[in-house]
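These notes are about the structure you will find just below.
The values are calculated or read from the model by the stated rules, or taken from the named source; none is laboratory data. No experiment lies behind these values; they were computed from the predicted model shown. Virtual Cβ from ideal backbone geometry, glycine too; neighbours counted across all protein chains shown. When the accessible area is computed, the model is the full protein with side chains, heavy atoms only, and any ligands, DNA or RNA have been set aside. Shrake-Rupley method; radii C 1.70, N 1.55, O 1.52, S 1.80 Å.
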Amino acid sequence: DGKPWKKEMGKGKDTMGDLPRDPAQVIDQLSRTMQTLKDRLESLEHQLRANVSYAALPNDLREMLQRRLGDLERQLLSKVAELEDEKSLLHNETSAHRQKTETALNALLERVSELEKGSSAFKSPDEFKVSLPLRTNYLYGKIKKTLPELYAFTVCLWLRSSASPGIGTPFSYAVPGQANEIVLIEWGNNPIELLINDKVAQLPLFISDGKWHHICITWTTRDGMWEAFQDGEKLGTGENLAPWHPIKPGGVLILGQEQDTVGGRFDATQAFVGEMSQFNIWDRVLKAEDIMNIANCSTNMPGNIIPWVDNNVDVFGGATKWPVETCEERLLDL
């Protein structure tokens with residue numbers, strides 16, 4: 001009957017934005033929210049059942065689930081509170097809807113509690129992906145570590161885009177005085193671009209087909225040489241991209257958004273929508289054969305500057321972390 005959380009009513013009521021005034025639309029929106037939550041929890045349940053290792057970091061996952069549970073509860077509370085406010089307009093069938101909604105929510109909460117009791121964390125600290133399901137200016141991942149001064153780098157990641165035209169911004173690195181120190185962006189109908197110190201190179205990569213792709217970009221300050229690899233193959237190379245400019249240290253690395261100031265001022269039209277994993281950075285230009293071996297799953301090479309590990313990646317605004325498909329499964333998607 002929803003009573004356990006009546007006392008929470010009214011808290012955070014404005015967090016979800018204005019709901020439609022028409023009661024039928026409110027109900028529709030509520031049902032859609034419920035369906036989304038159900039899907040997310042079913043996926044979570046499936047992922048956890050498939051995960052056979054119970055040894056690693058159960059507390060981390062329990063905390064993550066509790067945080068997610070809190071978020072879901074808050075979202076639904078504000079919607080149910082909104083329904084309470086609309087009571088004078090609502091018809092009898094609407095309160096029946098709300099009854100069903102509350103019952104469904106309680107069932108969901110019970111399922112999450114069960115999951116919490118018997119769940120384990122990611123099989124190993126690098127076997128996760130970040131999911132950015134909506135094109136907004138508030139969903140993103142943040143790398144806790146920053147970069148040292150760099151005279152060369154290689155950035156590799158797996159990504160699966162679910163937006164078009166343009167996949168948005170898989171990652172951006174901003175430093176004080178230069179928001180575009182390193183940015184990978186495909187905006188609107190433009191080709192995908194690599195920005196270094198606000199200088200631009202167009203890359204011959206094609207990754208907006210909704211499948212998993214492995215991307216690597218190398219750059220060296222010497223003559224501003226760059227290379228672009230997709231799924232292990234070198235598709236392009238060039239020079240004179242910010243030559244002799246060392247990458248500045250101490251900035252902020254964001255996954256999924258383009259920064260206009262350090263750590264912020266995101267623009268929804270430039271957001272990445274989809275999933276990404278295995279975002280690694282090295283302080284050197286990797287050999288083509290190393291890149292091929294990473295892309296074809298025959299070697300696992302963590303970045304020596306930024307490795308992909310769970311406790312180095314924070315998610316915000318509804319971005320989430322999930323267990324990731326195996327490297328071989330991602331390869332089959334190509």
Condition check for E181: charged (D, E, K, R), open to solvent by less than 10 Å² (accessible area, probe 1.4 Å) and either within 18 Å of W244 (Cβ to Cβ) or in the same structural domain as I281 (by the TED database) (or both): yes
Filtered residues of the range 159-183 (kept if part of a strand (DSSP E or B) and either over 17 Å from V315 (Cα atoms) or out of contact with any strand residue (DSSP E or B) (no Cβ under 9 Å at 6 or more places or on another chain) (or both)): R160, S161, G168, A174, V175, Q178, A179, N180, E181, I182, V183
The range 186-214, subset touching a residue at least 60 places away in the same chain (Cβ under 8 Å) and crowded, with 23+ Cβ neighbours inside 10 Å, residue farthest from N296 (Cα to Cα): W212
Check on Y138, aromatic (F, W, Y) and more than 22 Å from K234 (Cα to Cα): yes
Residue within the range 88-102 that is in a loop (DSSP other than H, G, I, E, B), modelled with pLDDT under 70, over 31 Å from the mean Cα position of the chain (by Cα) and not assigned by the TED database to the domain that holds F266 present: yes
Filter pass, E329 being within 15 Å of W212 (Cα to Cα), assigned to a loop (DSSP other than H, G, I, E, B) and under 21 Å from the mean Cα position of the chain (by Cα): no
Residue that is assigned by the TED database to the domain that holds V285 and either of a type in the set (D, E, K, R) or modelled with pLDDT of 95 or more (or both), where the choices are T269, T237: T237
